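Notes for the one structure printed next.
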Amino acid sequence: MTDRIWNFSAGPAVLPVEVLEEARDSLLSLGTTGIGIMEHSHRGKAFLKVYAETEALVRQVGGVPDNYKVLFLQGGASLQFSMIPMNFLSAGETADFLVTGSWAEKAMQGAAAYGTPHAACSSKDRNYCYLPKTISYSPQPKYVHYTSNNTIFGTQWRSEPERPAGVPLICDASSDIYSRPIDVSQYGMIYAGAQKNLGPSGVTLVIIREDLVAAGAKDIPVMLQYRTYAENESMYNTPPTFGIFIMGLVLKWIQKQGGLPAMAERNERKAGKLYQYLDQSALFRATADADSRSLMNVTFVTGKDDVDARFCAEATKAGFDGLKGHRSVGGMRASIYNAFPEAGVDALVEFLKAFEAKQ
Ligand code: PMP
């Protein structure tokens, strides 16, 4: 095997080695079945067991209450940008959006085809480098949608935003799901593409309260109704079996590490090391406001494009991959999700120090 390098990719992202090793063995034979995980029928006993285990782990690890359904969908988080309004919003109705980045903006644009989206706040004025403190909700929103972690801009809500009582809160948690404990009962629905904190791309986790499943539109294609998945254990058609399997392994790994409290502690410590260095550096600075910073995506710049480019090139050569920032922010971004090892953060801090010393 070639040596693994430090992979700071924003997603698909690094997975725990233990998970990859178990996955590798399961490719040829799942347990003693003599059939690889990708070759098992989704209706067969072996896969049904995998499915039940993954669903149970989603519930156990995340503390998902019984009145929520756990669904495994396809189409990425991006399909949810349309599927949510398609199910819950009609012409003449308003849904409110906290516009804190490009993904939040896309979620809002998705709603425009079905009803009236209202931007309850926006941090676009400063290129999304902060989370707004003032939110102006519309009089009667059908739901409030927000993005818990803004992958591109490196900001993250510390807790759920204040919102009008009784209005379902819908969260795109693609880039920080299961990175810390959350109170699921605060939400109408939480969704996330798996490819950052939960597994490979191709499976989207949806945790949705039962009353919302029931309230969804019925005059839309059957594959776009949440109830189709809720009533058929996500098996109305062939589900993304491999992704569900890997998600189960990742959740088992999280549980072994001590669950979400342990993840939160580790994530605080990892990001803390980077921000601490950046805050005292004379060369680099973090781009997000201190009170809005993400523990998952640490965005930083030198302020000079040519120095940023040189840093990225030298970092790549030294075995630090994926540090180039998104084109809409520039500079650098270190994505350090759950599975990113703390030793890799330590190595990056040392590399930053050495680069700064050379300047
Ligand atoms: N929302 C957030 C917060 C994201 O980071 C991403 C992907 N980077 C998306 C949505 C889009 O996800 P997908 O590619 O699974 O559609």
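The values are calculated or read from the model by the stated rules, or taken from the named source; none is laboratory data. What you see is a predicted model, and the numbers here were worked out from it, not measured in a lab. As a convention, Cβ positions derive from the backbone with ideal geometry for all residues, glycine included, and neighbour counts pool all protein chains shown. Just the protein is used for accessible areas: all its heavy atoms, side chains included, with ligands, DNA and RNA removed. Shrake-Rupley method; radii C 1.70, N 1.55, O 1.52, S 1.80 Å.
Quick check, is residue 245 at pLDDT 95 or above, away from the ligand (no atom under 15 Å from the Cβ) and aromatic (Phe, Trp, Tyr)? So residue 245 passes the test. Each residue in the stretch 116-127 was checked for being out of contact with any strand residue (DSSP E or B) (no Cβ under 6 Å at 6 or more places or on another chain) and touching a residue at least 24 places away in the same chain (Cβ under 8 Å), and 3 pass. Look at residue 182 and say whether it is among the hydrophobic types (A, V, I, L, M, F, W, C), in contact (Cβ under 8 Å) with a residue 24 or more places away in the chain and within 16 Å of the ligand (Cβ to nearest atom). Spelling it out, residue 182 is indeed among the hydrophobic types (A, V, I, L, M, F, W, C), in contact (Cβ under 8 Å) with a residue 24 or more places away in the chain and within 16 Å of the ligand (Cβ to nearest atom). If you go through the stretch 144-176 and keep only what is more than 10 Å from the ligand (Cβ to nearest atom) and among the aliphatic types (A, V, I, L, M), you end up with 144, 165, 167, 169, 170. Please go through the stretch 198-226 and give me each residue that is assigned to a helix (DSSP H, G or I) and open to solvent by 30 Å² or more (accessible area, probe 1.4 Å), ordered by number. 210, 211, 214, 215, 222, 223, 224 - these are the residues of the stretch 198-226 that are assigned to a helix (DSSP H, G or I) and open to solvent by 30 Å² or more (accessible area, probe 1.4 Å). In this structure, is residue 176 acidic (Asp, Glu), over 22 Å from residue 86 (Cβ atoms) and under 12 Å from the mean Cα position of the chain (by Cα)? For residue 176, the condition - acidic (Asp, Glu), over 22 Å from residue 86 (Cβ atoms) and under 12 Å from the mean Cα position of the chain (by Cα) - is met. Could you check the stretch 1-119 for helices (runs of 4 or more DSSP H) lying wholly inside it with 3 or more residues that are within 16 Å of the ligand (Cβ to nearest atom) and not assigned by TED's automatic domain parsing to the domain that holds residue 205? By residue number, no helices (runs of 4 or more DSSP H) qualify.
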